[in-house]
Amino acid sequence: MALSGGVLRNVVVSFVYLAVWLFLSCSVIVYNKYIMDRKLYGWPFPISLTMIHMAFCSTLAFLLVRVFKVVEDSYSMPRELYLRSVVPIGALYALSLWFYNSAYIYLSVSFIQMLKALTPVAVYSIGLLFKKDSFNSGVMLNMLSISLGVAVAAYGEVKFHTWGVVLQLLGLTFEATRLVMIEILLGSKGIKLNPILSLYYIAPCCFAFLSVPWLILEYPLLREAASFRPDFVIFGSNALCAFGLNLAVFLVVGKTSALTLNVAGVVKDWLLIGFSWSVIKDTVTAVNLVGYLLAFMGVVYYNHSKLKGLQAAEAQKKQLLADEESGRLLHETEYEGTGKMSDTQD
């Protein structure tokens with residue numbers, strides 16, 4: 001069956017948005033690695049880099065929401081809700097970005113992407129801890145297969161760095177906790193923030209939290225390196241890529257779904273592994289690939305299970321709506337019938 005012009009246009013637009021997201025996501029990761037790696041640009045200050053991103057994103061998000069009103073703030077969040085819900089999420093986001101960026105100093109891009117396959121495992125585990133998810137033996141078996149694959153990939157890593165792995169796993173744990181807490185603290189109240197509103201509310205909070213460890217850990221080092229003058233083109237374009245990535249997420253989710261973004265993330269991981277091996281010349285061993293392939297299959301199955309669950313929930317919702325509509329029509333029919341009988345008796 002031939003696709004109509006409107007459907008075809010939507011498909012093309014969706015693929016363009018996905019391509020833009022893939023490009024920006026890969027660019028931010030490679031760019032951060034370039035800046036942080038001592039053998040490349042040589043600026044190993046992860047907190048400072050993250051604060052630059054947050055300051056830039058906060059400014060642009062404020063302009064888009066408050067000045068140009070491109071994105072409507074339909075919540076106008078009260079102070080109490082902000083302190084109880086957004087502030088904890090901002091703290092978790094700050095910690096996850098800090099540790100994620102720190103890992104670039106020690107680990108290769110390819111190995112970082114392999115470790116990120118543990119994200120579903122962390123999200124499910126944190127969900128169990130906070131009693132958001134219920135235990136399921138099938139899901140747990142899936143999580144174990146992903147973990148086994150990542151363990152094999154780590155075993156085959158030539159440039160394995162223990163501290164780098166610890167930092168990456170800490171970042172992953174805080175990110176998983178953030179995702180679960182978003183659902184608990186905001187989702188339960190019916191608040192769903194798009195990426196721009198998320199930056200508008202969370203980025204300033206994240207910047208404030210990062211300023212404390214920055215003053216203690218990095219500011220003294222930066223003062224000693226007073227001769228260093230950051231390249232505004234490098235850092236400005238890097239921050240712009242980070243903001244563009246958030247905007248691309250907003251467009252992709254709007255045109256497709258969050259699950260599509262997760263599936264595209266798997267494709268991104270393979271692209272980055274290939275780029276890391278062919279361009280950056282990182283060593284990727286056969287054991288690395290076998291392990292990641294096992295983890296990859298586990299992640300694909302996890303996404304497939306989520307898709308089936310979402311489809312089943314949607315079908316159940318439609319059935320409930322249909323039953324309610326049928327009940328309403330039956331009630332109206334019975335009411336009209338009773339009314340006619342009364343008229344006849346009169």
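The values are calculated or read from the model by the stated rules, or taken from the named source; none is laboratory data. Keep in mind the model is a prediction, meaning the values are calculated, not measured. When we count neighbours, we look across all protein chains shown, and the Cβ atoms used for this are built from the backbone with ideal geometry, even at glycine. Side chains included, ligands, DNA and RNA excluded: accessible areas come from the protein's heavy atoms. Shrake-Rupley method; radii C 1.70, N 1.55, O 1.52, S 1.80 Å.
Computed over the alpha-carbon atoms, the chain gives an Rg to Rh ratio of 1.07, Rh here being the Kirkwood radius from the mean inverse distance. Between helix 119-129 and the chain there is an angle of about 60 degrees, using the helix long axis and the longest principal axis of the Cα atoms.
For segment 84-100, no residue has its backbone nitrogen under 11 Å from a point 7 Å from the Cα of Lys306, taken along Cα to Cβ. Using θ = phi - 60° in the Karplus curve 6.51 cos²θ - 1.76 cosθ + 1.60, the 3J(HN,Hα) couplings for segment 13-23 round to 4, 4, 5, 5, 4, 4, 5, 5, 4, 4, 4 Hz; x is entered for Gly and Pro.
Annotation for segment 60-99: trypsin sites (Lys or Arg not before Pro) lying in DSSP loop with at most 13 further Cβ atoms inside 10 Å of their Cβ are Lys69. Packing, taken as the mean count of other beta carbons within 10 Å per residue, orders the peptides 27-36, 200-209 from highest to lowest as 200-209, 27-36.
Amide H contacts for Asp133 (H built 1.01 Å from N in the peptide plane; partners 5 or more residues away or on another chain; cut-off under 5 Å): Leu128. To the nearest ten degrees, helix 286-345 and the longest principal axis of the Cα atoms of the chain are 20 degrees apart.
Structure note, pairs Lys116/Lys308; Lys132/Lys189; Lys131/Lys306; Lys131/Lys268; Lys116/Lys159; Lys189/Lys308: Cα-Cα distances above 20 angstrom occur for Lys116/Lys308; Lys131/Lys268; Lys189/Lys308. Per residue, segment 10-152 exposes 47 Å² of solvent-accessible protein surface, assessed with a 1.4 angstrom probe and all protein chains in place. Helix 46-62 and the long axis of the chain differ in direction by around 40°, with both axes built from C-alpha atoms. Solvent-accessible area of segment 124-234 (1.4 angstrom probe, protein heavy atoms only): carbon and sulfur portion equals 69 percent.
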